[in-house]
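Derivation of every value follows stated rules applied to the coordinates shown; laboratory data play no part. This is a predicted model, so every value here is computed, not measured. We place every Cβ from the backbone using ideal geometry, glycine too, and count neighbours over all the protein chains shown.
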Amino acid sequence: MDMPRVGRCFPGVKEVEADGEQSYKGTMQVRVGPVSLNITGNMVVTGLDKDLWQASMRVEGADRRLGGGVSGEMLVNLVDLSDSETEVVVKSDISFMGKLGELGQPIIRKKADSILREFADNISRQF
Amino acid sequence: MDKTIHLKVNGQDHDLTVPAQRLLVDCLRYDLGLTGTKESCSVGVCGACTVLVNGKIVASCISLAVAADGAEITTIEGLADDRRLHPLQQSFIDHGGFQCGICTPGQIMASKSLLDENPDPTEDEIKDWMMGNLCRCTGYYKILESIVNGIAEAKGSAQ
Amino acid sequence: MNTFEFHTPTTLDEAYRLLEAHGDDANIIAGGTGLVLFMKQRMVQPGHLVSLRSIPGLDSIRVEDGTAHIGAMCTMHQVETSPQLREVLPLLGETYRHVASVKIRNMATIGGGLSHGDPNQDPPPSLIALGASVVLSSGSGQRTVPLDEFFTDYFETDIHDGEIVTELEVPLPSPSSGGAFIKFLPRTADDYATVSAAAVVALEDGGRNCRDVRVALGSVATTPIRARKVEGAVRGRELTSSLIREASDLVQDEVDPLDDFRGSSGYKRQMAQVFARRALEAAVANISAVPA
Ligand SMILES: Cc1cc2nc3c(=O)[nH]c(=O)nc-3n(C[C@H](O)[C@H](O)[C@H](O)COP(=O)(O)OP(=O)(O)OC[C@H]3O[C@@H](n4cnc5c(N)ncnc54)[C@H](O)[C@@H]3O)c2cc1C
């Protein structure tokens, strides 16, 4: 999987580069309401199943200045629907800490939904 | 980062050097020793920190001192005329308008500014104006009575 | 609060230069009621604050050529009590007087209130219903954005980097029109709205049918919203109470409220219906020159 290319499909991701085998580091800018974070962190691919077209990864990142960040697991699965259609299924379990966490569940859920929707749109346009 | 500002507080000029993040309420209380102004909720809701900046009431707990540079400020200490209390101050004493007293300076500054803008308010107008000044002791009837009478008194003495 | 450098530019050009020089590390400060609270909570920690207070001319109110031009640095209390505005746009005073308390309205500015982008604020529904726009100025020119396109997400707006809101433009309503704003406050009188709704309706010349209508709501989504389905259902028709009731039900599909301590999403959805209806009814009742 071309991680840097997939990674950049996330809205707000500025750069992604490999820093080891199956490990990448990058920066991401997220804005949730009044809080704007510059998150630096890394992503480790924890599982890759070429037959099932499935990849799982762990992400972790923090904004040092504001004190906030994210950590969690993601599972991306490609499902063949037909010769010309592939469904991208993204499952995520992400925790928000510090300033981001203080904003409250409903708003974070809405933001996460919109980030994932944009990610899926970008992926389908890119590949 | 420090900044030098000029404030005219209760008629007296002050040049002060304060950190940019200094709140007006802290500047009044700690830099100038005017502890009549109280801080309670710290988020602009309760009204305990109410002071007049250029004649208008503001919440000094969410005001930056540097943003008041050049302003004229009136606090509760500036209301009495020599040793004669302002009619509103006297009325709060006469009508039992306070118990613990924390909200009182704010109540009096807010009602003073109502008097300045609307010298003949109805009771509903008083209630509406005073909405931003909370009291946890009196239940408000005594405060309303103090303001109604204080304003009447002030009008009488102005004539 | 973190420390920062406090700048007091005396011209807009100087303000643009400061914003450009400090980029992401700078925040504009107007009345400070929103920003200082965020800074106290360490939600934002800017290195530079650019105050608009010392720039002359940003706090004027002019009514000309059928439009009210309200400077971004006018305080809410100034707009609420302006005799000139009360005469031509009574809905403005009727709306701004609902914001918090007098001491906050003495500090909070028109431009700061809109830039803040909190979906629970009172002024946006009325201003959207009135068809208002904001003027955004920067070193590279000026653009005007209608308020129904200005709010993009929770506390996010269409203000680009380096832009300053300099003016609010509100077209004066036509004759035979009426407007209303209702703030639903089940908790305390100084709270933010649980739901708010505004409506402005205009009748056809000499007729009873609705020529134009705008309905907008606050606290029902991540931004203030314009209820276009409701508008579509009444436009061109006679505003009977049964039509208003039917049309208001359509607001359900246009809102997506957040759960919070003021109410669940489902509750707010129902209240949106009730208050869209009441705002429309009140707007109709406020029409000044109803034909006999
Ligand atoms: C106790 C309390 C109660 C409140 N209750 C209510 C209520 O009931 N209803 C309601 O509607 N609101 C309420 N508010 C919110 C209030 O309306 C906002 O805080 C206020 O409008 C912000 O205006 P300001 O001038 O103080 O802006 P600031 O705090 O100075 O700025 C707010 C934001 O806008 C940006 N900004 C400011 N001016 C400009 C400009 N000209 N151009 C571009 N960006 C700019 C700033 O960078 C900042 O991000 C309440 C606030 C408080 C503190």
Of A:Glu85, A:Glu17, A:Glu73, the one that fluctuates the most in a GNM where chain A has Cα springs shorter than 10 Å: A:Glu85
Mean separation of Cα contacts under 8 Å (6+ apart) over length of chain A, as relative contact order %: 18 percent
Rel. contact order, % - alpha carbon contacts under 8 angstrom, at least six apart, segment B:2-78: 38 percent
Contour excess over end-to-end distance, with Cα ends at A:Lys50 and A:Ser71 and 0.36 nm allotted per residue: 5.0 nm
Cα shape, chain A, gyration tensor, a/c 1.5 rule: prolate
Most mobile of C:Val215, C:Val79, C:Val36 in a GNM of chain C (Cα contacts under 10 Å): C:Val36
Residue order, fewest to most beta carbons within 10 Å, for A:Tyr24, B:Tyr30: B:Tyr30, A:Tyr24
Qualifying chymotrypsin sites (Phe, Trp or Tyr not before Pro) in segment C:234-292, DSSP loop, other Cβ atoms within 10 Å at most 16: C:Phe261
Ranked packing of C:234-244, C:105-115, most packed first, by mean Cβ within 10 Å: C:105-115, C:234-244
Test item: A:102-115 mean partner chain Cβ contacts at 10 Å: 3
Environment charge at C:Gly31 (Cβ cut-off 12 Å; Lys +1, Arg +1, Asp -1, Glu -1): +3
Inter-chain Cβ neighbour average for residues B:61-68, partner chain, 10 Å: 6
Gyration tensor (alpha-carbon) shape descriptor, segment C:5-51, a/c threshold 1.5: oblate
Of C:Pro83, C:His48, C:Gly266, farthest towards positive along the dipole that unit charges on Lys, Arg, Asp, Glu beta carbons give chain C: C:Gly266
Per residue, the convex hull volume that the Cα atoms of segment C:1-109 enclose (Å³): 114 Å³
Cα gyration tensor category, rounded, prolate or oblate, for segment C:110-185 with a/c compared to 1.5: oblate
Förster radius 30 Å - calculated FRET efficiency between C:Ser242 and C:Asp191 (Cβ-Cβ, nearest 0.05): 0.35
Mean residue ellipticity (222 nm) of chain A, computed from DSSP H runs ≥ 4 via -39,500 (n - 2.57), nearest 500: -7000 deg cm²/dmol
Residues whose placed amide H lies under 5 Å from that of C:Val63, excluding near-sequence neighbours: C:His69
Total formal charge among the other residues, if their Cβ is under 10 angstrom from that of A:Lys110, Lys/Arg +1 and Asp/Glu -1: -1
Relative contact order of chain C, defined on C-alpha pairs under 8 angstrom at six or more residues apart (%): 15 percent
Modelled FRET efficiency - R0 22 Å, B:Ser157 with B:Glu117, Cβ distances, 0.05 increments: 0.75
Burial ordering of C:Asp190, A:Asp2, fewest other beta-carbon atoms within 10 Å first: A:Asp2, C:Asp190
Degrees between helix A:105-126 axis and first principal axis of chain A (Cα, 0 to 90, nearest 10): 40 degrees
Between segment B:93-159 and segment A:17-51, the Cα center-to-center distance that results, in Å: 58 Å
Whole-Hz couplings from phi, Karplus 6.51/-1.76/1.60, listed for segment C:78-95; x for Gly and Pro: 4, 5, 4, 9, 5, x, 4, 6, 4, 5, 9, 9, x, 5, 5, x, 4, 8
Highest-MSF residue in chain C out of C:Gln270, C:Gln121, C:Gln78 [GNM, Cα springs under 10 Å]: C:Gln270
DSSP bridge orientation in the protein assembly as shown - percent antiparallel, rounded to nearest 5: 90 percent
Residue-span extension gain [A:Val90 to A:Asp113] - 0.36 nm each, minus C-alpha spacing: 7.2 nm
Angle between chain C longest axis and helix C:12-22 axis [Cα atoms, degrees, rounded to 10]: 70 degrees
Partner chain coverage, peptide B:11-20 - average Cβ within 10 angstrom: 1
Calculated [θ] (222 nm, deg cm²/dmol) that DSSP helices of n ≥ 4 give over chain B, each run adding -39,500 (n - 2.57): -9000 deg cm²/dmol
Computed helical MRE - 222 nm, chain C, DSSP H runs ≥ 4 contributing -39500 (n - 2.57), nearest 500: -9000 deg cm²/dmol
Cα-based helix-to-principal-axis angle, B:104-117 vs chain B, degrees rounded to 10: 80 degrees
Neighbour-count order for B:Ile93, C:Ile164, fewest beta carbons within 10 angstrom listed first: B:Ile93, C:Ile164
Inter-part distance where segment C:138-159 and segment B:21-52 are each reduced to a Cα centre, Å: 35 Å
Listed residue pairs exceeding 25 Å between alpha carbons, taken from B:Lys8/B:Lys155; B:Lys3/C:Lys40; A:Lys91/C:Lys268; A:Lys111/C:Lys268; B:Lys56/B:Lys127; A:Lys99/C:Lys103: B:Lys8/B:Lys155; A:Lys91/C:Lys268; A:Lys99/C:Lys103
